[in-house]
Amino acid sequence: MVPSHSEIKVVIKPCRHREAVQLSCDGQAGIELAEGDVIRVTKKPQKLKMLHPLEHNFYEACRSKLGWSHKVA
């Protein structure tokens, strides 16, 4: 979590021992990145409207997708 006015900046640095770097957002096909590419993440000025079924449960989705509240052996 970061403040809403923050900017997250990722710079692809050179590395001889690295596979290709890809950026994928929201499950979309990846975009290959090159040395020196910069990714900036900022808050969008417009609000996003989310639609979901009436029976949708955000916390249950987090538990099933992220393994929340699963006991660790």
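The values are calculated or read from the model by the stated rules, or taken from the named source; none is laboratory data. Computed from a prediction, not measured in an experiment: that's the story for all the values here. We place every Cβ from the backbone using ideal geometry, glycine too, and count neighbours over all the protein chains shown. All accessible areas refer to the heavy atoms of the entire protein, side chains included, with ligands and DNA or RNA removed. Shrake-Rupley method; radii C 1.70, N 1.55, O 1.52, S 1.80 Å.
So how far, in whole Å, is the C-alpha centre of region 31-73 from the one of region 1-17?
So the separation of the two Cα centres works out to 17 Å.
Loop-only check: which GluC sites (Glu not before Pro) in region 16-73 are DSSP coil with at most 12 other Cβ within 10 angstrom? Don't skip to the end; give the middle numbers.
Numbers: sites: Glu19, Glu32, Glu35, Glu55, Glu60; in loops: Glu19, Glu35, Glu55.
Hits after loop and neighbour filter: Glu19, Glu35, Glu55.
Accessible area per residue of the chain at 1.4 Å probe, in Å²?
On the way: 7530 Å² over 73 residues.
For the chain, the solvent-accessible area averages 103 Å² per residue.
In whole Å, largest first, what are the principal axis extents of the Cα atoms in the chain?
47, 42, 25
Run the quick spin-label model on Ile12 and Lys49: label points 7 Å from Cα toward the beta carbon, then report their separation in nm to one decimal.
3.6
R0 = 22 Å: FRET efficiency of Lys65 with Glu32, Cβ-based, nearest 0.05?
Numbers: r = 26 Å, r/R0 = 1.20.
Efficiency for this residue pair is about 0.25.
Work out, step by step, the length gained on full extension between Leu23 and Thr42: first 0.36 nm times the residue separation, then minus their alpha carbon distance; give nm to one decimal. All intermediate terms of the calculation are to be shown ahead of the outcome.
Details: separation 19, 0.36 × 19 = 6.84 nm, distance 1.60 nm.
Fully extending the segment from Leu23 to Thr42 adds 5.2 nm.
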